[in-house]
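So the structure is just underneath, and the comments pick up after that.
Please treat every number below as a calculation from the coordinates, not as lab data. Just so you know, these numbers come straight off a predicted model, no measurement behind them.
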Amino acid sequence: MRPGDRFRPEDPALEQLDRLSDGWGCRLRADDPQHQLAVGIARDLRAAGFELHDCAAHAPTGGVCLTPSSSPPASYAGVIVTWTQHDVLAHAGDLFGVHSDVQEVMNYALADVLAILGWRVEQFGQASAHIVTGPRERTLDAEQEAER
Ligand SMILES: [Zn+2]
């Protein structure tokens with residue numbers, strides 16, 4: 001069982017799952033090829049205590065951006081994970097060094113947390129973004145161990 005599967009259906013943490021977007025400014029549809037993966041990652045991140053960013057609404061408050069990616073090559077199919085800072089930092093030209101440092105630290109922290117939570121995480125692009133391509137494969141032994 002994944003950490004995010006432990007929520008009771010009425011848990012307020014799950015309300016933020018409505019924030020998932022398709023990366024093009026619209027809500028993520030259930031028939032999106034990456035929907036199930038994005039929801040699984042989002043639930044686990046909520047379990048770890050992270051806020052999800054409301055990308056489609058351009059919310060000023062920041063949080064984790066989950067952007068589904070289906071574009072070829074196939075190795076880029078997955079969910080891109082990036083941190084977004086509150087607008088007070090994102091748009092503060094005088095704090096550029098702070099903004100870029102926070103961005104890098106949080107992007108790597110997210111990648112580490114997702115790896116700990118059992119997701120397969122890879123670097124994505126030239127900056128500090130990462131892509132999750134699925135659950136990390138577990139050996140049969142580890143699976144049986146987990147069910148004990
Ligand atoms: Zn966002």
Review point. Tell me, what ³J(HN,Hα) does each residue in region 60-67 have, in order and in whole Hz, if you take phi through Karplus 6.51 cos²θ - 1.76 cosθ + 1.60 with θ = phi - 60° and put x for Gly and Pro?
Key: x, 8, x, x, 8, 9, 10, 10
Review point. GNM on the chain, C-alpha springs below 10 Å: top fluctuator among Pro12, Pro60, Pro135?
Key: Pro12
Exercise for review: Note the direction-averaged projected area, equal to a quarter of the hull surface, for the Cα convex hull of region 21-102, in nm².
Suggested key: 6.2 nm²
Exercise for review: Using only Cα positions of the chain, each an equal point scatterer, no hydration layer, compute I(q)/I(0) via Debye at q = 0.09, 0.11 Å⁻¹ and quote the log10 values to two decimals.
Suggested key: -0.29, -0.43
Revision key, fill the gap. Spelling it out for Leu52: with amide H atoms placed in the peptide plane at 1.01 Å from N, the residues 5 or more places away or on another chain with amide H under 5 Å from its amide H are Val64
Exercise for review: Pop out the ³J(HN,Hα) list for region 102-109 in order, Karplus 6.51 cos²θ - 1.76 cosθ + 1.60 with θ = phi - 60°, rounded to Hz; leave Gly and Pro as x.
Suggested key: 4, 4, 5, 4, 5, 4, 6, 4
